[in-house]
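Here the structure is laid out as structure tokens; the discussion comes afterwards.
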Amino acid sequence: MSLINDALKRTQQTTQTGQPPRLPELELRPIEPAALTPQGGDGSGAKRIIGLIVLVVVALNIALWLVFKDRGSQAEVAARTGEITSAAAAKSEPAHPVVKSVAAAPIQPPAVAPGSMVPSNTSTAVPEPVVEPPVQEPPAIVRPEFRLKTIVRHPTRPSAMINNRVLFVGDRVEGYAVTAIGQEEVTLTRDGDEVVVSLP
């Protein structure tokens with residue numbers, strides 16, 4: 001409280017005398033160029049710059065990870081489905097290729113004129129069996145799981161919530177396009193594959 005009282009007394013004195021209080025004079029000196037550089041040349045400026053660069057690189061890595069983490073999970077799903085379809089195709093392929101035997105006509109030795117010599121390197125050609133490639137069945141379509149939670153019926157723009165995402169006609173989910181939203185179901189298509197998801 002005494003500081004406040006002292007300040008009030010000084011203010012009253014200055015108003016009675018009419019002169020503003022005297023401020024101490026400040027001594028202005030130019031800055032020496034040597035004062036701007038770090039003392040002793042310990043390289044603290046370089047350390048600060050390197051530390052700042054490291055922080056920026058770490059922040060960029062975190063940002064990129066956040067952006068691309070969903071894409072990585074989609075790639076994992078695609079890799080898994082590729083493994084499943086290739087495993088299913090491997091099971092459907094026979095272990096050995098199918099060989100069809102061809103009934104060959106009896107081989108006739110070449111006609112030789114009497115008194116002529118037959119070269120010793122002549123051989124009779126035997127036809128090789130025809131190997132047909134194994135018949136591959138088309139891979140089974142692996143569809144993702146779609147969970148339809150709700151349908152909002154709007155006369156001009158209906159929407160549906162599938163896998164916790166609000167979707168409109170034309171939007172995509174798990175690679176499938178929303179082609180129709182009905183009263184109780186949603187139709188999704190991808191490359192001719194049509195999926196109808198109904199409300200539970």
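The values are calculated or read from the model by the stated rules, or taken from the named source; none is laboratory data. The shown structure was predicted, so the numbers you read here are calculated from the model rather than taken from an experiment. We place every Cβ from the backbone using ideal geometry, glycine too, and count neighbours over all the protein chains shown.
Observations on the model:
- Residue list for segment 130-164, restricted to those being surrounded by 13 or more Cβ atoms within 10 Å (Cβ to Cβ) and assigned to a strand (DSSP E or B): Leu148, Lys149, Ile151, Ser159, Ala160, Met161, Ile162
- Matching option when the condition is among the small types (Gly, Ala, Ser) and at pLDDT below 85, among Ala160, Ala180, Ala113: Ala113
- Among residues of segment 180-195 being of a type outside the set (Gly, Ala, Ser) and surrounded by fewer than 13 Cβ atoms within 10 Å (Cβ to Cβ), the one that is nearest to Ala140 (Cα to Cα) is Asp193.
- Among residues of segment 118-147 that are over 30 Å from Leu199 (Cβ atoms), none has a beta-carbon under 9 Å from a residue that is surrounded by 10 or more Cβ atoms within 10 Å (Cβ to Cβ) and at pLDDT 70 or above at least six positions away or on a different chain.
- Complete set of residues in segment 164-181 that are in contact with a strand residue (DSSP E or B) (Cβ under 8 Å, 6 or more places away or on another chain) and not β-branched (Val, Ile, Thr): Asn164, Arg165, Leu167, Phe168, Gly170, Asp171, Arg172, Gly175, Tyr176, Ala177, Ala180
- Among residues of segment 155-184, those that are within 17 Å of Leu199 (Cα to Cα) and over 31 Å from the mean Cα position of the chain (by Cα), counted: 3
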